[in-house]
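**Q** So that we are looking at the same thing, I have put the structure below in structure tokens.
What follows draws every value from the coordinates through simple rules; no lab data is involved. Because the structure is predicted, anything quoted here is derived from the model rather than measured. Using ideal geometry, Cβ is built from the backbone for each residue, glycine included, and neighbour counts are taken over all protein chains shown.
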Amino acid sequence: MVPRPAGARSASRRPVTAKLRGSRGLAGWLFVAPALAFYAVFVLRPIAVTFQYSLYDWDGIGASTWVGPANYGKVFTDPDLFESLVNAVKLIVFFSAIPVVLGLAIAATIRRIAATRLALVARTVIFLPQVIPLVAAGIAWSWLLASTGVVNQLLTLVGLGGVTRAWLGDFGTALPAVGMIGAWVLLGLCTLLLLAGMSKIDPALYEAARLDGAGPWREFISITVPSLRQEIAVCVTVTVIAALASFDIIYISTQGGPGNTTMVPGLQIFYLAFSEREVGMASALAVVLMVLVMACALPIQWFAKDGNR
């Protein structure tokens, strides 16, 4: 029997390998097909329909009128609509910056006392706002920040009665007060995400830093923060989206007032579509909000991935 050359054997295997790869690829697409169909029907189609509505002047019932990009122009020229976008951007400071920075500090502190019972209590108490419905949180904080609420009573008790006010009803403090409620809600999530990331850091890195004479602050800056790049990116992404798409807390606590000082795009879209019957304008603002969320979230994800190369 004459043996076949090695090249002939490898050539005979290629069709078999190609068939196996093709069948595996087909099987993979069949597994993800239900999820893709669900995503197309309940995510992509509503986005496309919203964009379609944004090009019309429509009250949601009668005939619609083509206006093209006029609704988008009004979003940026109407003071009330544009102010809602500005307020959403301002809330990023409270919803994102404060929870992430405080979360880093609290997570680092809990990691140092991880072996004590106090650490377990601290994790539970800090994460508690995440399991409270946002509606309930908004109602509770509305009572606390009222003119006769607990916050003002405590300020009066310590001799600061001159600064008391209806925090959610004052034009100067309404937006920061809403922002602090959002920071309180999101602090627990950021803390636990960062604490989980810290548990993956090799303890040998900290031991080596201590041998080199590094203190707690130097360990935090040189080891902890760089090692948490992915976790920080997740926290910033989640909190930025929460700030831009905020609705529940603001609707319950202020309903966009006083005036329009706490009006945000999500609440403005709700009023435009269901109170003022301007579905086209509401759709245009929704599309602008979606683009704004993507413009903020995608660079954060790119930065996180680029830093790990």
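**Q** Could you tell me the largest-minus-smallest coordinate of the C-alpha atoms of the chain on each of the three principal axes, in descending order and whole angstroms?
**A** Largest to smallest, the principal-axis extents are 104, 73, 29 Å.
**Q** Given contacts defined as C-alpha pairs under 8 Å and at least six residues apart, what's the relative contact order of the chain, whole-number percent?
**A** 28
**Q** When the label point is put 7 Å from the Cα of R277 along its Cα-to-beta-carbon vector, which residues of region 60-93 have a backbone N closer than 12 Å?
**A** 60-63
**Q** Would you please give the residues with an amide H less than 5 Å from that of D57, counting only those at least 5 places away or on a separate chain, with H modeled from the backbone geometry?
**A** Long-range HN contacts for D57: T65, W66, V67.
**Q** If you don't mind, another one. Report, in debye and to the nearest 20, how large the dipole of region 159-240 comes out about its Cα centre when Lys and Arg carry +1 and Asp and Glu carry -1 on their Cβ.
**A** Value, rounded to 20: 140 debye.
**Q** Rounded to whole Å, give me the distance from the Cα center of region 163-237 to that of region 250-295.
**A** Here the answer is 30 Å between Cα centres.
**Q** Restricting to DSSP H runs of at least four residues, report the calculated mean residue ellipticity at 222 nm for the chain, -39500 (n - 2.57) per run over all residues, nearest 500 deg cm²/dmol.
**A** The per-residue figure over the chain is -22500 deg cm²/dmol.
**Q** Please give the length that would be gained between S222 and Q255 if that part of the chain were fully extended, namely 0.36 nm times their separation in residues minus their C-alpha to C-alpha distance (nm, one decimal).
**A** 7.5 nm
**Q** Cβ neighbours within 10 Å, averaged per peptide: list 102-113, 68-79 in order, most packed at the top.
**A** 102-113, 68-79
**Q** Would you work out which of L285, S227, V43 lies farthest towards the positive end of the dipole of the chain? Charges go on Cβ: Lys and Arg +1, Asp and Glu -1.
**A** Of the listed residues, the answer is S227.
**Q** While we're here: Let me know the charge dipole size of the chain about its Cα centre in debye, to the nearest 20, where only the beta-carbon of Lys, Arg (+1) and Asp, Glu (-1) is charged.
**A** 2060
**Q** Sorted by average packing, counted as other Cβ atoms within 10 angstrom per residue and highest first, what order do 192-205, 30-43 take?
**A** 192-205, 30-43
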